[in-house]
Amino acid sequence: MAPRKIIIDTDPGQDDAVAILLALASPDEVDVLGITAVAGNVPLDLTSKNAFIICELAGKVDVPVYAGCDRPLGRPLVTAEHVHGKTGLDGPSLPDPTKQLTPGHGVDFIIDTLRSEAPGTVTLCPLGPLTNIATAFQKAPDIVDKVQQVVLMGGAYFEVGNITPTAEFNIYVDPQAADIVFKSGIDIVVMPLDVTHKALVTQSRNDAFRALGTPTGIAVAQMTDFFERFDKEKYGSAGAPLHDPCVTAYLIKPDLFTGRRVNVEIETQSELTLGMTVADWWGVTDRPKNALFIGDLDDDGFFALLTERLARL
Ligand code: RIB
Ligand code: CA
């Protein structure tokens with residue numbers, strides 16, 4: 001089977017970095033047409049630079065990396081240096097990228113790619129706030145029907161919020177953008193905190209990354225070491241949740257994941273619950289079932305896949 005053509009939209013972020021590495025290590029399953037950076041965990045100048053740093057760590061310098069939107073659609077940017085550190089990639093000391101950013105705006109790359117590739121053959125993989133995706137849909141409504149699928153990390157239901165009591169960070173940063181994407185009618189697969197909080201980098205899993213002994217394996221161990229301290233302190237968990245790699249792992253081995261097709265709508269009005277993903281898990285409304293909401297994964301299988309693929313880089 002031909003590899004799936006994907007665009008990764010991202011705000012690296014250590015977990016974004018691992019998701020990008022997993023995709024770049026899996027050319028038989030995914031063909032990364034390009035990477036678009038968005039403001040999120042840290043400002044755009046850093047997320048763009050970090051995306052490049054990761055491509056160079058993987059030795060994939062031919063992947064185009066574009067800078068996208070530097071702020072959410074309708075509200076000030078909220079960042080997460082408290083989780084990811086000042087650079088967004090704290091942990092390892094990685095060299096600055098040698099290449100410059102690919103000229104052009106990330107939103108235009110998304111539009112041009114969807115218009116030039118065969119309809120229904122490109123999957124969008126947002127790993128951060130949905131600003132670039134929503135802006136592309138607003139600027140070029142004709143591309144919406146050309147998208148094969150959106151597989152995104154964001155939201156939470158039973159797990160509740162991580163940036164407010166009710167909202168997950170990616171959705172909270174740009175709820176208007178999320179509302180546009182969830183109402184687009186596109187086939188959406190959601191990796192919420194409900195599943196990503198079950199993908200924990202325990203010490204033995206971190207040791208397995210380090211034991212690869214490669215620059216990539218050691219860097220991933222150092223990245224996950226760094227950003228796990230926040231979650232371990234907050235949740236008392238056994239390790240950092242690897243949120244974003246759930247997206248790329250789903251593309252490679254979907255059977256690792258289980259979920260339910262339900263209606264998901266975004267709170268965009270109330271300051272109290274802004275950015276909440278309201279998932280109709282028990283089907284108490286007749287709203288359209290617009291999303292496959294993932295609730296569980298085979299975590300041992302997930303980390304076995306991830307470690308085996310990272311060993312290739
Ligand atoms: O809430 C977790 C999400 O927010 C992840 O994508 C992480 O990288 C941050 O963007
Ligand atoms: Ca992210």
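The values are calculated or read from the model by the stated rules, or taken from the named source; none is laboratory data. Note that this is a predicted model, so its numbers are computed, not measured. A quick note on method: Cβ atoms are made from the backbone with ideal geometry, for glycine too, and the neighbour counts reach across all protein chains shown.
Could you check how many residues of region 113-128 are assigned to a loop (DSSP other than H, G, I, E, B) and within 16 Å of ligand 1 (Cβ to nearest atom)? Adding up the residues that qualify gives 2. Within region 3-60, the set of residues being acidic (Asp, Glu), away from ligand 2 (no atom under 16 Å from the Cβ) and part of a loop (DSSP other than H, G, I, E, B) comprises Asp28, Glu29. For region 183-191, the condition holds for no residue, the condition being that it is on the phi < 0 side of the Ramachandran plot and part of a helix (DSSP H, G or I).
Among residues belonging to region 190-218 that are out of contact with any His (no Cβ under 6 Å at 6 or more places or on another chain) and within 16 Å of ligand 2 (Cβ to nearest atom), point out the one that is farthest from Ala238 (Cα to Cα).
Kept after step one, since they are out of contact with any His (no Cβ under 6 Å at 6 or more places or on another chain), are these residues of region 190-218: 190-195, 197-218.
With the extra rule that they be within 16 Å of ligand 2 (Cβ to nearest atom), the set shrinks to 190-193, 195, 197, 199, 201.
Working: Val190: 24, Met191: 20, Pro192: 19, Leu193: 16, Val195: 15, His197: 10, Ala199: 10, Val201: 7 Å.
Within region 190-218, the match that is farthest from Ala238 (Cα to Cα) is Val190.
Consider Pro72 carefully, then state whether it is touching a helix residue (DSSP H, G or I) at 6+ places or on another chain (Cβ under 6 Å), assigned to a loop (DSSP other than H, G, I, E, B), modelled with pLDDT under 95 and not hydroxyl-bearing (Ser, Thr, Tyr). No; evaluated as a whole, the condition is false for this residue.
Does Asn170 satisfy the criteria of being in contact with a strand residue (DSSP E or B) (Cβ under 9 Å, 6 or more places away or on another chain) and either within 21 Å of Asn290 (Cβ to Cβ) or within 16 Å of ligand 1 (Cβ to nearest atom) (or both)? It is true that Asn170 is in contact with a strand residue (DSSP E or B) (Cβ under 9 Å, 6 or more places away or on another chain) and either within 21 Å of Asn290 (Cβ to Cβ) or within 16 Å of ligand 1 (Cβ to nearest atom) (or both). Every residue in region 248-263 that is touching a helix residue (DSSP H, G or I) at 6+ places or on another chain (Cβ under 6 Å) and within 16 Å of ligand 1 (Cβ to nearest atom), please. If the condition is that a residue be touching a helix residue (DSSP H, G or I) at 6+ places or on another chain (Cβ under 6 Å) and within 16 Å of ligand 1 (Cβ to nearest atom), then Thr248, Ala249 are the ones that fit. Against the criterion of being β-branched (Val, Ile, Thr), within 16 Å of ligand 2 (Cβ to nearest atom), within 17 Å of the chain's Cα centre (by Cα) and not in a strand (DSSP E or B), Ile110 does not qualify. The residue of region 263-277 that is nearest to Arg75 (Cα to Cα), among those that are buried (at least 20 other Cβ atoms within 10 Å of the Cβ) and among the β-branched types (Val, Ile, Thr), is Ile266.
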